[in-house]
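*Asks:* My questions will all concern the structure given below.
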Amino acid sequence: MPLNTSLTRRDAAEAGFSLIELMVTVVVLMIACGVTVRGVLDLARVSDVVNNRTDMHNGVRNATELLTQEVGQAGKIALPANVLTTATAAAGDTTITVSSTAGMFVGELLALDTGANQETITVAAANGGTITTADPLIKDHNAANVPVTAPGGFSAGIVPTNMANGSTGTVLKIFGDINGDRQMVYVEYRCDIGTGRLYRNAMPFTANAKPAPTVEQILIDNLVANPDGTPCFTYQSQTVTGITFVLDVAITLTVQTQTRDPITRQFQTETKALLNVSPRNVFNSWQHAGLGLRNRIQPIPPSVQNLLP
């Protein structure tokens, strides 16, 4: 019986894939899907690595930027407001009436008047709108409303390490008009490797007591010891006529990522080192000392002395 050629061709066309062809197709699809999923997972891991390191870098960068700004500003002296005399004063007087005594402290050096009539006075007491001077006035000040200003800067704006309860390798102590807003403050930066935290504790320079560090004062919470044992803070000092000036602060901080690296399963670390952060106001006081201008070198306020321990 002759073979029906058209029927045979139609049956072959409608027969579909064989079992072997189907298995090969499924295997190829599984391999393609596996490669795609593996690529997606690898990209996700890389993204986690980048985010982990970015968070770590941003944390230490923000802390060091703040440290640089505040160390540079340390030692600046300021009065909260412009101060004018409200009455005349004559040579030999030891009291001066002024518009405000806010922000003044015992031992502070103030410049009274302007031009050739200006003289420097030392505050023995300041309250109720009256300044009592340590020594009698030298010149007559026959006009009211002459300015009273606080010149120079603090020699101990960065509290020296050789001062009682001074700065150390783990605690940086600074004070002055740190924020440039005419409000003097005392600030402590404390590296606590035990808890992995860098604290910033700030308060008015006239505070009666130093509050204990709180969670709100944490700048970094993933701090670790520096690789070579370098302290967080090191200081370069110069002494002129018995006064110590800290002219440079080196800041070295090492941090680690908050979580382990998803690829290496290890914490990643980064060390940030600032080797020459200069407190410009302390530097200016050091220059004044070298020129013999002792009436521009401000003493450390008694209230700050009480906050150092």
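*Asks:* Amide H to amide H, which residues 5 or more places from residue 93 or on other chains are under 5 Å from it, using H placed in the peptide plane?
*Replies:* HN-HN under 5 Å from residue 93: 137.
*Asks:* Turning to a different aspect of this structure: Quote to one decimal, in nm, the extra length available between residue 203 and residue 274 on full extension: 0.36 nm per residue of separation minus the C-alpha distance between them.
*Replies:* Length gained, residue 203 through residue 274: 23.0 nm.
*Asks:* Convex hull over the Cα atoms of segment 83-149, averaged projected area in nm²?
*Replies:* It is 3.6 nm².
*Asks:* In percent, what relative contact order does the chain have, based on Cα pairs under 8 Å that are 6 or more apart in sequence?
*Replies:* This gives 19 percent for the chain.
*Asks:* Gap in Å between the Cα centre of segment 276-309 and the Cα centre of segment 163-242?
*Replies:* 17 Å
*Asks:* Averaging sequence separations of C-alpha pairs under 8 Å and six or more residues apart, then dividing by the length of segment 194-276, give the relative contact order as a whole percent.
*Replies:* Once divided by the residue count of segment 194-276, the mean separation gives 23 percent.
*Asks:* Reachable lysines from residue 210, Cα under 24 Å, same-chain residues fewer than 8 places away excluded?
*Replies:* Cross-link targets: 76, 173.
*Asks:* Mean separation of Cα pairs under 8 Å and 6+ residues apart, divided by the residue count of segment 83-149: what relative contact order is that in percent?
*Replies:* It comes to 44 percent, rounded to a whole number.
All of the numbers you see were taken from the coordinates with simple rules; none came from a lab. Owing to the predicted nature of the structure, the values given are computational and were not obtained by experimental measurement.
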